[in-house]
Amino acid sequence: MAPRAVLFDLDGTLCDTLEDIAASVNAVLAARALPPHPLAAFRRLVGDGVEQLVERSLSRARGVAASAAEVAEALPELRREYSARLLDRTRPYPGVPELLAALAARAVPRGVVSNKPHALTARMVEALLPGAGFAAVLGARPELPRKPDPAAALEAARALGVPAGEVLFLGDSDVDMRTARNAGMVPAGALWGFRDAEELRASGARVLLARPGELLALLDAP
């Protein structure tokens, strides 16, 4: 049966956020006289939430594991840096606005589930994807575990009014594929994002999409 609803990851799926994330992290590193990371490195550093991003970035720059105290000290700094840069270079991927318009025209229920802090997730969606008509926009919140735990995805499915088994979850990382599987949803991999086809297949992607518009054919399948 074709999926009846779609949940999207945000970073690396709907929007290319890598440059603003990299600039923010590198500002935190520079304040500690640590070397910056190249842009490509952030494709592997992101995905599991801001705490893990800070820990991985500090550890990689120092060459030794960052302590919990170092992470705790740097975390509010990164939040300030990223909040200030959130929309500097971040843009929807080509084809995403058109896909969302097509889904709206078909009245397909849709939502966003991200490990980005909730306030920043909502701010980005409102600024860059206005009128998308998402029934749920969920970022990381203290009361819910982060992806790949299925709690947020299942909450979003309830908001969409569609059983989890009839929801397609589109994302660009192993975290997203595991989230979909844990929630009993259809895992679909976005090849235009931060990770590669090998990772997406290995983590359970049932289908891989080269362009956003290819999603429409999945919804038309018998």
Looking for whichever is of a type outside the set (V, I, T), assigned by TED's automatic domain parsing to the domain that holds L216 and touching a strand residue (DSSP E or B) at 6+ places or on another chain (Cβ under 6 Å) here; the options are P117, P130, P148, P142. Which one fits? P117
Go through the residues of the range 107-128 one by one and say whether even a single one is surrounded by fewer than 16 Cβ atoms within 10 Å (Cβ to Cβ), more than 30 Å from A197 (Cβ to Cβ) and among the basic types (K, R). no
Consider only pairs whose beta carbons are under 7 Å apart and that are at least six residues apart or on different chains; among these, list those whose first residue lies in the range 48-62 and is free of Cβ contacts under 8 Å to residues at least 40 places away in the same chain and whose second residue is of a type in the set (V, I, T) and part of a helix (DSSP H, G or I). E51/V71; L53/V25; V54/V71; E55/V71; S57/V25; L58/V71
Of everything in the range 14-59 that's part of a loop (DSSP other than H, G, I, E, B) and small (G, A, S), which residue is nearest to the chain's Cα centre (by Cα)? G47
Taking the residues in the range 147-183 that are of a type in the set (S, T, N, Q) and out of contact with any helix residue (DSSP H, G or I) (no Cβ under 6 Å at 6 or more places or on another chain) as candidates, determine which candidate is farthest from L200 (Cα to Cα). N182
When P163 is run through (1) of a type outside the set (K, R); (2) in contact with a Lys or Arg (Cβ under 9 Å, 6 or more places away or on another chain); (3) farther than 20 Å from A217 by Cα; (4) touching a residue at least 12 places away in the same chain (Cβ under 8 Å), the failure sits at (4)
Does the range 175-194 hold any residues that are over 11 Å from D9 (Cβ atoms) and in contact (Cβ under 8 Å) with a residue 40 or more places away in the chain, and which are they? M185, V186, W192
With the structure loaded, tell me whether P92 is under 22 Å from L45 (Cα atoms), in contact with a strand residue (DSSP E or B) (Cβ under 6 Å, 6 or more places away or on another chain) and at pLDDT below 95 or whether it fails that test. no
So A2 passes all but one of these: (1) within 30 Å of P163 (Cα to Cα); (2) outside any loop (DSSP other than H, G, I, E, B). Which condition number does it fail? (2)
Find the residue count for the range 107-128, including only residues that are under 13 Å from D11 (Cα atoms) and of a type in the set (A, V, I, L, M). 7
Restricting attention to the range 108-138, which residues are closer than 18 Å to E51 by Cα and free of Cβ contacts under 8 Å to residues at least 40 places away in the same chain? H118, A119, L120, L138
Confirm whether G131 is closer than 14 Å to L7 by Cα and surrounded by fewer than 16 Cβ atoms within 10 Å (Cβ to Cβ). no
For the range 201-222, pairs from a residue that is at positive phi to a residue that is of a type outside the set (G, A, S) and at pLDDT 95 or above, with Cβ under 8 Å and 6 or more apart or across chains, are G204/M177; G204/R178; G204/R181; G204/P187
Number of the condition not met by R79 [criteria: (1) touching a residue at least 40 places away in the same chain (Cβ under 8 Å); (2) surrounded by 15 or more Cβ atoms within 10 Å (Cβ to Cβ); (3) assigned to a helix (DSSP H, G or I)]: (1)
Matching residues in the range 91-108 (assigned to a loop (DSSP other than H, G, I, E, B), within 16 Å of D220 (Cβ to Cβ) and either charged (D, E, K, R) or touching a helix residue (DSSP H, G or I) at 6+ places or on another chain (Cβ under 6 Å) (or both)) number 1
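The values are calculated or read from the model by the stated rules, or taken from the named source; none is laboratory data. Note that this is a predicted model, so its numbers are computed, not measured. Glycine gets a Cβ as well: all are built from the backbone with ideal geometry, and neighbour counts include every protein chain shown.
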